[in-house]
Amino acid sequence: MKRKMLSVLLVVLVVCLAASMLVLSACNPKEDDKPEPQKPSTERSTTDMMNDIWANIQNSYQLGEKFGVDVSASFVIDDKTAKDNDVTFTLTAKGNADLQDGATDDKTAFVLELTKKAKTDEKATTILGLAYEVIENQPYFFGNVMGEYRKINGYSLTALYRAIAKKDASAAAFDMSSITEYIPMVIGAFFGSTGTVENNVYTLKFDLADLASSLEELWGSVGSVALGALNITQEQLDGYVKQFFGDLTYETRGGEAKVESLDDLFAYLQRAIGFEGTLAFKFDQNNKFESANISFDYAKNDVPVANYTLKVDKAVVGMVSTPVDTWANFALDADARKNNEAINLLKFSVNGSATGLDDKGEAKHNYEIDVQADIEPFALLNLVNNTSKENIVATLKQLGYFHLEINEVFSNKDPLNIITLHSNFAEGFAVVNVHTYGAIIYKAGVGGVYDFDALVDVIDMLINKPSEPGGEQPGEETSIVDTIKNVVNTVKEYLAFFNADNMKENGVTVQLKDLVFHLLDALGVDTKGIIGTGVGAVLGSDSMNVKLQTPVYGQCEKVATDSIVCTIREASAFKDGKNDFIKEIKSVDGVALKAYKGTDINNYSSAAALDLGKAFRITGKNLKGEDVVTSGYIMGVKGLDLSKVGKQNVTLYVAIANDVLDLSKAGLALGDDIPIAGALKFETEFEVLDPQTVTAENISLVNTKTPTNTILYTKEIFEQVTSDNPYMNINGIYRPIGESDMKVVDANGNAVELVDGKIAKGGAYKVYFETAGFKSDYIEISVVSAYAKRTDGHKEVEQLVLGEVWNYDPYEVWVVTKDGETKVDNATAKFTLGSATGLNNIFDITKDANGKDVYTLKKNLDFAGKNLTITFSRLTIAGNKYQTVKAEIPVVCADGYTVSKAINSNYITNTLNGGFEITQNGVAYSVVWNGTAFEAVAADGSKLADFSMSLTWATRKIAVELDKQGCITNIANKNMASLRTEKIACEIKVGDYTYTDDFTFNELYASNKSFGVEVGATLDGYIGNVNKLYYVDANGEQQELEFKNGKDGYAIYVKDTDTKVYDVTVTVTKDNAAVELVEGAFAETGKYRVSYTVNVNGIDQTFYHDVTVK
């Protein structure tokens, strides 16, 4: 660990210094900035020295559009330990570039090699090599990673440079001044405050202990600010330090100490290791760069470990009189470079496995993964400066080949394909097959054939979709910097769903369900109605752990496109083509290819047969080239102008329907233009018709009906006059009609407004449909209604008032038909108000002087704001049995009181404050406990006068007792299994008004596990209502609790931590004998009784349950 850490530190320093020197050598300094030759001197400030070094290096090189490169550098490790593992790394860079207008591609070539030679090696080994050459007008790269050179199909660097330069003329003369002006100051900080300059040799010294001391001092000044900017605490930072450096130790006065904090790390860097050395740059008398040398000595506990030396022996970059001999000493001679077979850069084969996990991390599915790739990524460079649709499609066809297959494997049956992504790009399309698991009745198969030409158009239509009024408008063109930031942020955003803490051993875990929700949101899909557990069921897993083997480079076992199996069209609604991927559309049999001027294409068809609501019959070719009849739908159309009458050539973009359409039943909102079912194109002729040519005789209705019976006023009219998939036939063109197209008029032709799709009053009516300006014939219907009215002819009151008299007389029911009104005999009324039923429970009934009943509405605040309902049920109305008629009268409180209850259940440690609220004339009063009694208090602190509230245990008939916080204390605590609850009766009084209600009090409990648990199961989570306990930590934040076997054994802890809140005594018996759990788990089968004792804030809780272990 120590050696790795120091190696990383060393590499960072070396790369920073080497990169600074080499990158800046490509900068053109201004002529006026050339420094005078430096006279010999001794000590100088580090910052001044770095500024001089920087200026000299810039002055040493000028880079135009024609230049040569000949650089040689070495990195030597002199091992001072007994192992004596000396090693030398050598970097060489050679080549010529001619990017001038008119220069041919073969004028540019280069070789970049990094070799390694250990002390015991006879010759150096190339560990990284990259070369470029144009042979017979074809560009190639030669790559070597710890092996032999492979010839790789490349891309013309000359053409790439010219394309970039044409797009941005400033690209060839990039100004780095805004970046480089800070580098001398930053690098200088690593080398102390002073150095020496003698005979134009600049020497800087480095000491890690001094740097660590400076950093420690700096952290003391700005640490708190830095922590705030990073949004972490010092404790969290110390935790990260311990995680990465915790196995490092250093000596203290008290002995050896471990690195467990940032302070420890500073101490370690200053005491345990020595890392010091020099950095020297040599320039000639004209201040031209000659060489550079970096040398460091590394010691551990004052014992020498190694010396590291980086030398730059030659650095020719710029105009050269004689071209550099690029291929001298290269591993491949000219014949080999010419005749060796070239492969694509991304040609490889890799296998792997994956495990699908549920929300508890338990394995549910096992998969095998196969990836075969032969991809030419350099083809994408064709898009530089040319992103026309034609060039995008042509480029995609040059990408080569890719095949990904994930199959679920079983012990007792053949594998099942779950995911296939396939493209032989030259064929011009890709095949996607994502077979998911059914959730209840839903399927979610996704994919199809994606024709590149069609897909580019569909994506363009999605991107350039017109904004909604008030929606986001197109902004200014995004800069390249913003583009890079957006890409980085997007990558970070999606990497959050991947966990690769120890990829070599544990693979990569993908949070699959969360990732799918995120992708759906990104596509603009409304996911509000989708239940997360349902998505997990459809995917088969909540997360997936993936492990891949080492790829085999240069090998690709291609799978034929026509062998790809389709498993995404299993819904019963699909009648044909279930097992076929469609790669080409021959005809759209279910689309009329006609529409009337001023309408739209999406609502026309030539037949009324739909498969899944929007999928029409089509004929296409499958992957084998065979004709297949199947189902598809239109994603979009181009070239159609519905404002002009006549025939037009149009392009239809078609998706082949798949199982995901079934998810519309589950509340998944999917736009037709979202490419989740493939993307194909079909060019055809479309006719726009003149609506003036249509007469009433040309219009008829399909799948509608004239009801033979009278329609009840409680029935929706649209359902009574239509069958499945109703259409309007407009001169041979079928247009779907819906409830919004339906109109209703009375016998006199007056428009009738429907209430929830129903006609409220009985009579004779006519229904017709109107869509796209076309109107159908009438459908005549007869509606019957019923209502209740007073028998004495009194006008019904508009409202009842608590405490006031209601002039009551019996009610009777009358039926209204097209022929008039008739009375229903033997109609008996039932009276309800809130939870009260019957006149005697709603009214105080007395007698007046004449012996007549007087009905005074009780002053029960539970009635306020509700309706007195008079119900007549089980009536026969116009032959329809068991109908119900209601009349309702609103009830109010003259003093403006209403009571609302926010509490239906209460738990241990939960206050009753705010459980009830009383409103008087718009002012809300919350009911709170003041330590001795309940009060009704408004937001401004005012209190409701003449108020009281009492609570009584409904079963025990004793008063409920509370502590100062308003939490219930005199709990029954009955020792039993399963739920432990008790009702509490509540009575509120405000003046002479009353309000009564009840709610449930819940204790901790444990349910019997009668169906059995497995051997090895623990008691974690077995205590119910623990998550309902109210607990606030030392920081004043409320925390959720859980019962588990944690750091201190079984107890109640803050969730997902080892912070114990309440002790729990657990007693386990079997056949009345005590049993010890093994590491908190059941070790044997049998029936156990588990008892729990908990004291929660002074309240005892004792209960048990029986657990069967199988």
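The values are calculated or read from the model by the stated rules, or taken from the named source; none is laboratory data. Note that the structure is predicted; figures quoted are calculated from it, not measured. Cβ coordinates were reconstructed from backbone atoms using ideal geometry, including for glycine residues, and neighbour counts include every protein chain displayed.
Overview of results
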read-out	value
The range 826-856, residues that are of a type in the set (Val, Ile, Thr), without any contact (Cβ under 8 Å) to a residue 40 or more places away in the chain and either closer than 25 Å to TYR882 by Cβ or assigned by TED's automatic domain parsing to the domain that holds ASP997 (or both)	THR832, THR837
Counted residues, the range 1033-1076 - those being in a loop (DSSP other than H, G, I, E, B) and among the hydrophobic types (A, V, I, L, M, F, W, C)	2
Entirely in the range 821-931, the strands (runs of 3 or more DSSP E) that have 1 or more residues that are over 30 Å from ASN1095 (Cα atoms)	830-833, 843-847, 853-857, 867-877, 880-892, 897-901, 916-920, 923-929
For ALA977: the one exception among (1) part of a loop (DSSP other than H, G, I, E, B); (2) under 21 Å from ASP997 (Cβ atoms); (3) modelled with pLDDT under 95	(2)
Criterion: modelled with pLDDT of 80 or more, under 14 Å from VAL316 (Cα atoms) and touching a helix residue (DSSP H, G or I) at 6+ places or on another chain (Cβ under 9 Å) - qualifying residue of ILE53, ILE57	ILE57
Selection status of SER321, part of a strand (DSSP E or B) and small (Gly, Ala, Ser)	no
Subset of the range 791-820 (residues that are in a loop (DSSP other than H, G, I, E, B) and on the phi > 0 side of the Ramachandran plot)	GLY793, GLY803
Which listed residue, of VAL197, VAL186, is within 30 Å of GLU276 (Cβ to Cβ) and modelled with pLDDT of 90 or more	VAL197
Conditions (1) at pLDDT 80 or above; (2) out of contact with any Asp or Glu (no Cβ under 8 Å at 6 or more places or on another chain); (3) of a type in the set (Val, Ile, Thr): number failed by VAL538	(1)
Meets criteria (modelled with pLDDT under 90 and touching an Asp or Glu at 6+ places or on another chain (Cβ under 9 Å)) for TYR808	yes
Among residues of the range 102-124, those that are assigned to a loop (DSSP other than H, G, I, E, B) and either surrounded by 16 or more Cβ atoms within 10 Å (Cβ to Cβ) or within 49 Å of the chain's Cα centre (by Cα) (or both), counted	1
Unique residue being of a type outside the set (Gly, Ala, Ser), out of contact with any Gly (no Cβ under 6 Å at 6 or more places or on another chain) and either in the same structural domain as CYS967 (by TED's automatic domain parsing) or at pLDDT 95 or above (or both) when the list is VAL990, VAL1013	VAL990
Matching residues in the range 699-737 - criterion: being more than 24 Å from TYR765 (Cα to Cα) and not hydrophobic (A, V, I, L, M, F, W, C)	ASN731, GLY732, TYR734, ARG735
Filter result for LEU612 (within 18 Å of ASP673 (Cα to Cα), assigned to a loop (DSSP other than H, G, I, E, B) and at pLDDT below 90)	yes
Members of the range 733-790 that are among the hydroxyl-bearing types (Ser, Thr, Tyr), touching a Phe, Trp or Tyr at 6+ places or on another chain (Cβ under 8 Å) and either part of a helix (DSSP H, G or I) or without any contact (Cβ under 8 Å) to a residue 60 or more places away in the chain (or both)	TYR768, TYR778
Tally of residues being among the charged types (D, E, K, R) and assigned to a strand (DSSP E or B) across the range 143-157	2
The range 1009-1032, residues that are without any contact (Cβ under 8 Å) to a residue 24 or more places away in the chain and either part of a loop (DSSP other than H, G, I, E, B) or surrounded by 14 or more Cβ atoms within 10 Å (Cβ to Cβ) (or both)	GLY1021
Yes/no for ALA280 being touching a residue at least 12 places away in the same chain (Cβ under 8 Å) and either within 19 Å of LYS205 (Cβ to Cβ) or touching a Phe, Trp or Tyr at 6+ places or on another chain (Cβ under 9 Å) (or both)	yes
Scan of the range 939-968 for residues that are in a loop (DSSP other than H, G, I, E, B), out of contact with any Ser or Thr (no Cβ under 7 Å at 6 or more places or on another chain) and either farther than 13 Å from GLU982 by Cα or of a type in the set (D, E, K, R) (or both), ordered by number	ALA939, ASP940, GLY941, SER942, LEU944, ALA945, ASP946, ARG956, LYS957, LYS964
In the range 69-84, the residues that are over 52 Å from the mean Cα position of the chain (by Cα), closer than 13 Å to ASP297 by Cα and among the charged types (D, E, K, R)	LYS80
So PHE1103, is it over 42 Å from the mean Cα position of the chain (by Cα), assigned by TED's automatic domain parsing to the domain that holds GLY1016 and crowded, with 19+ Cβ neighbours inside 10 Å	yes
Failed item in (1) surrounded by fewer than 17 Cβ atoms within 10 Å (Cβ to Cβ); (2) modelled with pLDDT of 95 or more, with ILE968 passing the rest	(1)
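Here is a yes/no grid of residues against (1) at pLDDT 90 or above; (2) of a type in the set (D, E, K, R); (3) over 44 Å from the mean Cα position of the chain (by Cα); (4) closer than 28 Å to VAL801 by Cβ:
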site	(1), (2), (3), (4)
ASN880	no, no, yes, no
VAL891	yes, no, yes, yes
TYR907	yes, no, no, no
THR911	yes, no, no, no
PHE916	yes, no, no, yes
THR919	yes, no, no, yes
TYR925	yes, no, no, yes
ALA936	yes, no, yes, yes
